[in-house]
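Novice: Handing you this structure, nothing more for now.
The values are calculated or read from the model by the stated rules, or taken from the named source; none is laboratory data. None of the values given here were measured: they were computed from a predicted structure. In this analysis, Cβ positions are derived from the backbone assuming ideal geometry, glycine residues included, and neighbour counts consider all displayed protein chains.
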Amino acid sequence: MRNHLLTGGIAFLLIACSALIAACGAPVATSNHQSSSACSDAGAPHRAYVVVQHQSGATMQSCVGFGGVFIDGQTLMDRSGIQYEAHAVSSGKVVCQVDFEPRQVSQCFPANQPYWALFIESGGKWTSAPGGFTQVQLHDKEAIGWHYVGALDPAPSPPPLAKKA
């Protein structure tokens, strides 16, 4: 009987552990940033936006107020509250992760893997960015856009237009 209780107890423990592991599993990429039409530095005379579209299609945006004639892309990203990781390369910086996608970054552009395509929105139209995000200069009501796209996508589409505050 003691053997039967021991075997039953071990079986129960294994089932309970399996359920716990399945429930906890690997961490899910989530955003720590809430999309909002409210701008940081709301008293500033100008606004610039960051729009992010994940590979899943989920989108988010952030608005940043600024006082100068323009705001550069790195300052906008830094002040947006949206998590990102950039790596330095000879021509500046490249973005490898935005809003925790991909979950882990061991190299910025692994072969045949998705990447973050960069767009600039001005006058209600997106264009591909001519350089890296640190070279971008945005004026009032312009946006920087990120879309996580497949490596073999010959013409990545931009994210949705910013919802302007």
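Novice: Which condition from (1) in a strand (DSSP E or B); (2) more than 14 Å from the chain's Cα centre (by Cα); (3) not aromatic (Phe, Trp, Tyr) is the one that Leu152 breaks?
Specialist: (1)
Novice: Tell me, which residue of region 9-54 that is in a loop (DSSP other than H, G, I, E, B) and at pLDDT 95 or above is surrounded by the most Cβ atoms within 10 Å (Cβ to Cβ)?
Specialist: Step one: list which residues in region 9-54 are in a loop (DSSP other than H, G, I, E, B), which gives 25-38, 41-45, 54.
The next check asks that each one be at pLDDT 95 or above; those that pass are 44-45, 54.
Details: Ala44: 16, Pro45: 9, His54: 19.
The extreme case among them is His54.
Novice: Do you know which residues across region 80-102 are over 16 Å from Trp146 (Cα atoms) and either at pLDDT 95 or above or in contact with a helix residue (DSSP H, G or I) (Cβ under 8 Å, 6 or more places away or on another chain) (or both)?
Specialist: Gly92
Novice: Restricting attention to region 132-165, which residues are within 27 Å of Pro45 (Cβ to Cβ) and either loosely packed, with under 12 Cβ neighbours inside 10 Å or of a type in the set (Val, Ile, Thr) (or both)?
Specialist: Thr134, Val136, Ile144
Novice: So, Gln97, is that one of a type in the set (S, T, N, Q) and surrounded by 18 or more Cβ atoms within 10 Å (Cβ to Cβ) or not?
Specialist: Against the criterion (of a type in the set (S, T, N, Q) and surrounded by 18 or more Cβ atoms within 10 Å (Cβ to Cβ)), Gln97 qualifies.
Novice: For Gly124, only one of the following conditions fails: (1) buried (at least 19 other Cβ atoms within 10 Å of the Cβ); (2) under 18 Å from Lys164 (Cβ atoms); (3) free of Cβ contacts under 8 Å to residues at least 60 places away in the same chain. What is its number?
Specialist: (1)
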